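The values are calculated or read from the model by the stated rules, or taken from the named source; none is laboratory data. In this text, all values refer to a predicted model and were calculated from it rather than measured experimentally. Positions of Cβ are generated from backbone atoms using ideal geometry, with glycine treated the same way; all protein chains shown enter the neighbour counts. Calculation scope for accessible area: heavy atoms of the full protein, side chains included, ligands and nucleic acids excluded. Shrake-Rupley method; radii C 1.70, N 1.55, O 1.52, S 1.80 Å.
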Amino acid sequence: MTHPLPSSLLQERRAIRALTLPGLIRLVTEIDDNGPISHRRGSLLGAFGDLTRAQLRRAINTARDLGLVHADQQAPDRYRLTAAGEHLAEVYDTAARWARSHQFPSASSDFVTRVQHTFQLQGSEPTSAGSGHSAPQEALSEWLTAHPRVLHQEGACSFGAAEESGLAA
């Protein structure tokens, strides 16, 4: 007999699913690493040439919905990270560093895959009292606590379409 998961755990898993969309990870880290993205024609697609327009649009819409990116049509720097987005970029970096040092999921994994798999650990195994937390688990838990909007976002489970809902290749 299986028992239903507590709603808080379900909310956390939905939030993690949204936060691990490859396009979202790429968007947040690109802006964090290289600064705001201009509204000039081609700037956005140039920065993400391997993403389709639909994947990029989905990432931007998700980032806006979660309060991670500020998009201003009139400003020269159209897409900027909010404080929540900057903090999430730090969490992504923490997860990727931990994964790299543990060769997780493999020694040759890319940044996005490392972040996805590390976040998936958080969502797949509820931590019990007294269990050791890894740095990424603590960072993600702190981020989710500081930004409860993500946990309570109604559409968090539907942010990704089929091509983006799984782990990066």
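Computed quantities for the displayed model
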read-out	value
Selection count where residues are touching a Ser or Thr at 6+ places or on another chain (Cβ under 9 Å) and open to solvent by less than 60 Å² (accessible area, probe 1.4 Å), scope the stretch 64-82	5
Residue match in the stretch 54-61 (condition: at pLDDT 95 or above, surrounded by 15 or more Cβ atoms within 10 Å (Cβ to Cβ) and closer than 21 Å to Asp110 by Cβ)	no
Those residues of the stretch 21-53 which are open to solvent by 50 Å² or more (accessible area, probe 1.4 Å), touching a strand residue (DSSP E or B) at 6+ places or on another chain (Cβ under 8 Å) and under 20 Å from His117 (Cα atoms), in sequence order	Glu30
Pair list, Cβ < 6 Å and 6+ apart or interchain, from the stretch 92-107 residues that are in a loop (DSSP other than H, G, I, E, B) to residues that are surrounded by 16 or more Cβ atoms within 10 Å (Cβ to Cβ)	Pro105/His117
Residue match in the stretch 50-71 (condition: among the acidic types (Asp, Glu) and either in a strand (DSSP E or B) or within 21 Å of Leu140 (Cβ to Cβ) (or both))	yes
